[in-house]
Amino acid sequence: MTEPVIIGGGPAGSAAAIELARAGRQATLIERTVTATDKVCGDFLSAEAVSRIEALGIDLTDAPPIDTLRLIYRRQAVQTKLPFTARGLSRRALDEALLRQARAAGASVLRGHRVSTVEGCGAALQVLSRSLGEIVTDTVFLATGKHELRSDARRARRSELVGLKMYYRPAPSQRLALRRHIELMLLPGGYAGLQLIERDSAVLCVLLPAACLSAAGGRWARLVDLLGQDCPHLADRLSGAETLLDRPLAIANLPYGYVCRARRDHRNGLYRLGDQAAVIPSFTGDGVALALASGSLAARVWLNGDGSDTYQRRFAHDVSVQMRSAVAVHRLVLARVWRPWLMTVCGVWPGVMGLVARQTRIAALTDGGYAL
Ligand SMILES: Cc1cc2nc3c(=O)[nH]c(=O)nc-3n(C[C@H](O)[C@H](O)[C@H](O)COP(=O)(O)OP(=O)(O)OC[C@H]3O[C@@H](n4cnc5c(N)ncnc54)[C@H](O)[C@@H]3O)c2cc1C
């Protein structure tokens, strides 16, 4: 049996590499970026993500705690305590810390190499990269996140929403108002999350129909102005804030609700991790937790001698209830007609937001009973 090749050094790939290295295996992780990069993500680390990251040996004390959810629609705001404490940390910081940890645990981390395809080669798999050449292995952990390999694109329906992210240094009064809060703002055709992260910065991550961006002429400042007219709360939060990136990060074609099912023709050595295994709607802030959980589970299934069909079936089973709930809430939140009703219900019974937050995460995931 050859050692696994992990493609992608996001949370899923790094979690798998750390688990394998800790079990004494010499996994190779290939990541296309050379240095730390920003990623489109709300930077919200759910309680599940926090406990998994800490278990992987990373200290999160610099990441501000978040224990209150504030839901905002136009001038209305309702808030509730979350049933857990989350944290805010930039993906640049998180992903680098995980990669460092993978290296320290003994994994071989190769940076600056893009894998182009994974092809079947007899009973083995052939990983091709222009800079690394050809690697033949029994096992590939595919953890390329949103990015598809030409040979292994996910077959899934894509959302028409576009994800955009910007970092800010908020004015002191707004920073104070944001302390311990995640603010979820309902915007025309989409929504946005705003929260603090490390070093007194804040992250705004919005999900909108592409038409909104076109209406703003593709300009971020204009878009934020337009959104602020619909949601004065957002305009207040950003007044006096300094933008920290030259331009927003963007992503499109998100296959929300996608879950990879084990197929009969599935190559038994190809394990799909993270967003390659399941894509949860963004408002849940649980994608990183899912990615970490999948990486850990895949490593354990492989160490146990089981194939990717066992892993893929197990993972799909464990996330199915959470995914169905998250997709239903995502649709409800996007439908403008329901929003006044939603705000009334949440105003009368704020605890319902905590219930939804609990229902749309992976508390039930148990690493499939696979212990190291
Ligand atoms: C708008 C938006 C907001 C979100 N907000 C949150 C949030 O607040 N909290 C949360 O928990 N989740 C959030 N998510 C989800 C979260 O970002 C993802 O679920 C998570 O990043 C998945 O991790 P991953 O390791 O599977 O993939 P990624 O984090 O995407 O990592 C994949 C890695 O693979 C590398 N790679 C890609 N292709 C290749 C290749 N060919 N060769 C070599 N390397 C390659 C990439 O450079 C990258 O480092 C959000 C998602 C979106 C779209």
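The values are calculated or read from the model by the stated rules, or taken from the named source; none is laboratory data. Source: prediction; values computed, not measured. Backbone-built Cβ (ideal geometry, glycine too); neighbour counts: all protein chains shown. Please note that ligands, DNA and RNA were not included when accessible areas were found on the heavy atoms of the full protein model with its side chains. Shrake-Rupley method; radii C 1.70, N 1.55, O 1.52, S 1.80 Å.
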Lone qualifier among ALA252, ALA262 - being open to solvent by 10 Å² or more (accessible area, probe 1.4 Å), without any contact (Cβ under 8 Å) to a residue 60 or more places away in the chain and either out of contact with any strand residue (DSSP E or B) (no Cβ under 8 Å at 6 or more places or on another chain) or over 24 Å from SER51 (Cα atoms) (or both) = ALA262
Can ASP306 be described as assigned to a helix (DSSP H, G or I) and among the acidic types (Asp, Glu)?
-> no
Please identify the pairs in which a residue from region 35-51 that is within 15 Å of LEU249 (Cα to Cα) has its Cβ atom under 9 Å from the Cβ atom of a residue that is among the polar types (S, T, N, Q) and within 6 Å of the ligand (Cβ to nearest atom), counting only partners at least 6 apart or on another chain.
-> CYS41/SER282; GLY42/SER282
Kindly indicate whether ASP225 is open to solvent by 30 Å² or more (accessible area, probe 1.4 Å), free of Cβ contacts under 8 Å to residues at least 60 places away in the same chain, more than 27 Å from VAL337 (Cα to Cα) and among the charged types (D, E, K, R).
-> no
State all residues of region 129-155 that are over 26 Å from the mean Cα position of the chain (by Cα), within 11 Å of the ligand (Cβ to nearest atom) and of a type outside the set (Lys, Arg); if no residue qualifies, say none.
-> SER131, LEU132
Check whether at least one residue in region 301-318 is within 18 Å of the chain's Cα centre (by Cα), open to solvent by less than 50 Å² (accessible area, probe 1.4 Å) and among the hydroxyl-bearing types (Ser, Thr, Tyr), and report yes or no.
-> no
Within region 271-321, which residues are under 30 Å from ARG70 (Cα atoms), free of Cβ contacts under 8 Å to residues at least 60 places away in the same chain and either of a type in the set (Val, Ile, Thr) or more than 13 Å from the ligand (Cβ to nearest atom) (or both)?
-> ASP318, VAL321
Got a number for residues in region 9-52 being within 25 Å of ASP138 (Cβ to Cβ), surrounded by fewer than 24 Cβ atoms within 10 Å (Cβ to Cβ) and within 6 Å of the ligand (Cβ to nearest atom)?
-> 1
